[in-house]
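**Q** Can you read through this structure? Questions will come right after.
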Amino acid sequence: MRRAWVSFQLAIIFSACAVTAACTPGAATNPGGSGGHIPGAVIVHVSLLTYPPVGSAYGTVSGFSPNPLVVTHGAVVQFVNDDNFAHTASSVGTAGFVNSPLSSSTQNQSGSDLATANWSSGVLQAAGYSQGLNTSTPGTYYYQCFYHYAQMRGVIVVQ
Ligand SMILES: [Cu+2]
């Protein structure tokens with residue numbers, strides 16, 4: 001009986017690992033990624049290699065597409081990494097882009113709404129999808145990549 005209970009507990013632990021992007025001891029607790037495309041979510045493609053810098057009303061943007069993305073509030077937005085190396089999509093606020101490195105905390109997935117301060121996809125590996133991000137609040141949301149903050153700059157306008 002006790003043995004069965006222990007097996008059950010182990011099964012719970014391993015199934016928890018299966019839904020977590022990384023289950024390595026000492027790894028970031030929530031590095032990013034999700035099970036895939038959430039039905040109905042608006043996809044932002046992430047690729048340093050595919051989307052060169054272009055001018056926009058919000059400054060030079062690059063590394064994401066569509067960019068700027070304009071959505072009606074209530075939409076769910078999701079990022080997917082089209083490159084074969086890691087990126088993040090990490091909030092830098094609503095005032096504009098930043099020219100200094102992002103906090104290392106942006107490597108952890110955070111937030112479920114663009115109106116959440118410091119939301120981040122966490123580290124998206126190749127073909128990785130972010131969590132779904134709700135768009136509850138109209139506004140202009142700036143985000144950058146932790147690794148390529150100077151080259152990967154995106155805007156989402158929520159109407
Ligand atoms: Cu990047």
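Only the coordinates and a few stated rules stand behind these numbers; no lab work does. Worth saying up front: this structure is predicted, and the values here are computed from it rather than measured.
**Q** To the nearest Å, what is the center-to-center distance of the stretch 47-73 and the stretch 93-143, using C-alpha atoms only?
**A** 15
**Q** Rounded, prolate or oblate, given the Cα gyration tensor of the stretch 94-149, with a/c below 1.5 counting as rounded? Intermediate values should be presented prior to the final figure.
**A** Numbers: a/c = 1.91, a/b = 1.11, b/c = 1.73.
Oblate, because a/c is 1.5 or more while a/b does not exceed b/c.
**Q** Let me ask something else. Please compute the alpha carbon radius of gyration of the stretch 29-158, then divide it by the globular-protein estimate 2.2 N^0.38 Å. Two decimals is fine.
**A** On the way: Rg = 12.7 Å, N = 130, 2.2 N^0.38 = 14.0 Å.
Against the empirical 2.2 N^0.38 Å value, I get 0.91 for the stretch 29-158.
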